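To keep things clear, I will list the structure first and then write my remarks on it.
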Amino acid sequence: MVRVKSRYLLCEINVSDRSRLLFLNDGAIAAAVKEAVSRIHVKYLNTQTGMVFLRFPKRSYKLLWSALPFITSIETRYQKIQCFLNCLHVGGTIRTCQKFLVRYNTRQLYRMLPDCKNEEEEKQIRRAILSCSIIQGAFEDEPENDDDEDEV
């Protein structure tokens, strides 16, 4: 049997009025920590597509990546939204993540073509593919210097 090694942070809560500590609970502390993490690490969120860019230090991204499967819901505006996070790509810069996203969206659009119900739907998807290709062409001018990029 393998022993799981953990690290713990012992923190002191400093307040000007010690009686205010009685109002705290573990849920409030957890919420404050989560909010701070989201402020620091969430770089971009597109609510229309459900894509989010997360930024972590290189030395700890694997640890934080391993925590993603344990996210089963997100609480916002007094609602609990059941969800999970699927990591599509790991890149060294936000630019390489953007390039991957363009390629990924283009592939997704090509997969939608056979399911079109009429000519108008097919034309809309082909226009969307063309707009992705134009954006992707602009990215190809720059040299690729991201050596720690991984596709998932």
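Give me the Kirkwood hydrodynamic radius of region 1-119, using the inverse of the mean 1/r over all pairs of distinct Cα atoms, in Å to one decimal. Provide the component values of the computation, followed by the final result.
On the way: mean 1/r = 0.0545 Å⁻¹.
For region 1-119, inverting the mean 1/r across all distinct Cα pairs yields 18.3 Å.
Return M1, M112 ranked ascending by Cβ neighbour count within 10 Å, so the fewest neighbours appear first.
Least to most surrounded, the residues fall as M1, M112.
Using a 10 Å cut-off around each Cβ, can you sort C116, C132 from fewest to most neighbouring Cβ atoms? Don't skip to the answer; put the middle values down first.
Numbers: C116 14, C132 20.
Sorted ascending by nearby Cβ count, the order is C116, C132.
Using 0.36 nm times the number of residues separating D17 and Q98, minus their current alpha carbon distance, what extension gain do you get?
Details: separation 81, 0.36 × 81 = 29.16 nm, distance 4.76 nm.
Residue separation times 0.36 nm, minus the Cα-Cα distance, leaves 24.4 nm.
Ranked highest first by the average count of other Cβ atoms within 10 Å around their residues, in what order do 31-41, 120-130 fall?
Values: 31-41: 11.3, 120-130: 13.5.
The most tightly packed comes first, giving 120-130, 31-41.
Bear in mind these aren't lab numbers, they're just calculated from the coordinates by the rules spelled out. Bear in mind the structure is a predicted one, so any value in this text is a computation, not a measurement. Here the Cβ is made from the backbone with ideal geometry for all residues, glycine too, and neighbour counts use every protein chain on show.
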